[in-house]
Amino acid sequence: MRLEPIANPSLWRQLGLPALALGVTVLVAMALALLAGADPLAVLGQILTGAVGSRFALLETLNRATPLIFTGLAVAVAFRAKLWNIGAEAQLYGGAIMAVLLGTGALGAPFVLPVTAVVALLAGAMLLLVPVLLKVRLGVDEVVTTLLLNFIMALFVSYLLEGPLKDPMGMGWPKSAALIKEARLPRIVDGLRLHWGFGLALISAGIVWVIQTRTTLGFEMRAVGANIRAARFAGMPVNAVLVKTALLSGGLAALAGWSEVAGARGHLSLDLSPGFGYTGIIVAMLALLHPLGVVVTALFVAGVFVGADAMSRSAGVPTYIADMLLAVALLTMVLAIALTKVRVVRG
């Protein structure tokens, strides 16, 4: 058996196979619910209702989607240039640390919010710049360096929250002091958690789309990702393109941490991210690395998690079904996309 490229995929392949992948995902979710002793249709209905069935549920889904849009964009930008950034989690915490360092009274009130955003972006950019420089100068695999950086940052945050950044009024809990009011992102809806970080995430997706489709840098990123040797032969500054890509990717991931601290939480804690950086990889892959598609898939993933939380409380089914659902969705979608481009031929 061998794989044969398809020059002009039919409309059925382009639309039918991804739809079939989603159908398989739904069937797997129903099977998991059945194994858990619940009514599969009721479980799916409760997930949908828990995600968008009320004003509160919908706004909570949008709130959960905010950091996923940022990390999804970070991964999509990097992966488009074949820069394997697995360290969005570390860059997220880098942005969160800057939000706390500058947002608890170190700066003057009128400028604290934009300054913390810019500094957080720069911190994330620097955290990815180091692995990329190791890659272009010494040939060090960025998958290893960015992945290990996640663990280094997790330990560093733990040290900060047990030491220099620990809130003296926190009754011993490992969390930072609260941000001052001027360093907080305002709520979109009073009384609910959705904040204007969601609007900034949407703007960021639009900016990334413009960069990738309307600028020279975007063309160079796509060219390097498609064939780095051909790009270098054509005279493109490949190393410079990778560095610029790293700065953009790391900065976007850091904005996820900044928005969570400045918008949703108001302080830094060890549980700030339940894996937003890693989930951003799933978001980017399901979106086929398209920046506008990242918004859609982030909303879908956030809806699954929020809906699964509500479903677990009402149906008594473990929330781990959401993790299984996303894993199956990613695997089946990747397979479907591959089969739109190649066919399996015997002999």
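Couple of notes before you dig in:
- Segment 126-199: C-alpha pair distances exceeding 14 Å, %: 73
- Area accessible to solvent at residue 132, 1.4 Å probe radius, in Å²: 0
- Solution diffusion estimate, µm²/s, Stokes-Einstein, segment 66-289, Kirkwood Rh from C-alpha pairs, 25 °C, viscosity 0.890 mPa s: 139
- When only Cα pairs below 8 angstrom with a gap of at least 6 residues are kept, segment 1-123 shows a relative contact order of 12 percent.
- Accessible-area value, residue 159, 1.4 Å probe, nucleic acids and ligands omitted, Å²: 130
- The helix-based estimate of mean residue ellipticity at 222 nm for the chain, built from -39,500 (n - 2.57) per DSSP H run of four or more residues and divided by its residue count, is -23000 deg cm²/dmol to the nearest 500.
- Segment 107-232: proportion of alpha-carbon pairs further apart than 20 angstrom, %: 68
- Accessible area per residue in Å² at 1.4 Å probe, computed on the chain: 48
- Whole-percent carbon and sulfur share, accessible surface of the chain, 1.4 Å: 71
- Accessible-area order (highest first, 1.4 angstrom probe) of the listed residues 182, 260: 182, 260
- Centre-to-centre, using Cα atoms only, segment 175-252 and segment 8-75 are separated by 25 Å.
- Cα gyration tensor shape for segment 209-328, rounded if a/c is under 1.5, else prolate or oblate: prolate
- Number of Lys pairs (Cα under 15 Å; 8 or more positions apart or on different chains) in the chain: 4
- Subtracting the Cα-Cα distance of residue 8 and residue 39 from 0.36 nm times their residue separation leaves 6.9 nm of extension gain.
- Exposure of residue 2 as accessible area (Å², to 10), given a probe of 1.4 Å and all protein chains: 120
- For segment 80-95 versus segment 293-327, the spacing of their alpha-carbon centroids is 23 Å.
The values are calculated or read from the model by the stated rules, or taken from the named source; none is laboratory data. Predicted model only: the values in this text are computed from it and were never measured. For the accessible areas, the whole protein counts, side chains as well, though only heavy atoms, and no ligand, DNA or RNA atoms are used. Shrake-Rupley method; radii C 1.70, N 1.55, O 1.52, S 1.80 Å.
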